[in-house]
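Single-structure report; data block below.
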Amino acid sequence: MKKTFFTFLAISVALISCKKETTAPVVVPDKYQTLTANSTWNYERTNKITPTASKNYTLTSSNRDSTVNGRAYHVFTNSSGSANEYYYISGNDYYTFQNLPATLISNPIEDIYLKDNAALNTSWTQSYAITSSGVPLTITIVNTIAEKGISKTVNGNVYSDVIHVTSALSASVLGIPLPAGALISDVQSYYAKKYGMIQSKNKININYSGIVSNTDEETILKSADLK
């Protein structure tokens with residue numbers, strides 16, 4: 001009887017041990033944007049048209065959200081005094097609530113700027129109806145995953161598993177595309193896990209119906225303190 005008991009005990013312990021060994025911990029993958037309050041990002045923005053016009057500023061993740069179209073956007077403050085920035089993550093989709101270039105007078109728009117699970121060369125399109133200088137425009141943004149899982153050095157810091165997104169802008173008036181050359185854009189953005197945007201290059205030239213705007217700037221992440 002005693003031998004049978006110890007045999008049963010040994011088998012039970014073995015079964016429990018096997019169960020423990022085969023149970024893997026749940027790993028939550030890092031997102032491409034940290035929302036934790038009091039995290040900070042130090043950026044430098046350089047105006048390529050006027051090279052001396054560089055601006056350093058700090059984004060700080062606040063402890064509050066703001067509801068936009070039923071979504072709880074997390075609020076980031078900007079040390080330069082510019083408007084707050086708003087970010088929201090839904091699964092693998094990353095949203096921002098932002099303004100278009102200054103000459104395109106309109107209400108802020110919601111934009112899906114990143115899909116972290118999208119395959120290489122995947123594109124997604126978003127269109128927005130706005131009014132600029134009394135002219136009704138439809139702005140279309142086509143985002144494309146240009147590179148994925150790359151390593152990129154920015155300001156001497158090496159980031160891995162980076163996603164490179166290109167964004168092409170086009171516009172139409174009452175369904176008629178603007179003439180060739182009226183809107184030229186070259187927008188490149190790089191995102192690293194946890195850090196979010198580590199570099200962006202924005203060239204947007206507009207010359208249509210009295211609307212003239214030339215933007216050529218680069219923003220880099222100099223350092224970050226993530227909580």
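Just so you know, all these numbers are worked out from the coordinates, no wet-lab data involved. This structure is a prediction, so every number in the text was calculated from the model and none was measured. Ideal geometry is used to build each Cβ from the backbone, glycine not excepted, and the neighbour counts take in all protein chains shown.
Can you bin the stretch 32-225 into rounded, prolate or oblate? Criterion: square roots of the alpha carbon gyration tensor eigenvalues sorted a ≥ b ≥ c, rounded for a/c under 1.5, prolate for a/b above b/c, oblate for the rest. It comes out rounded by the Cα gyration axes. Note on ILE150 and SER82: their simple-model spin labels are 2.3 nm apart, each label 7 Å out from Cα toward Cβ. For the pair TYR57 and THR122, the difference between a 0.36 nm per residue extended length and the Cα-Cα distance amounts to 20.2 nm.
Working from label points 7 Å from Cα in the Cα-to-Cβ sense, the THR131 to ARG45 distance is 2.7 nm.
Classify the stretch 155-223: rounded, prolate or oblate, from the alpha-carbon gyration tensor (a ≥ b ≥ c, eigenvalue square roots; a/c under 1.5 rounded; otherwise prolate if a/b is larger than b/c)?
On the way: a/c = 4.30, a/b = 2.44, b/c = 1.76.
Verdict is prolate for the stretch 155-223.
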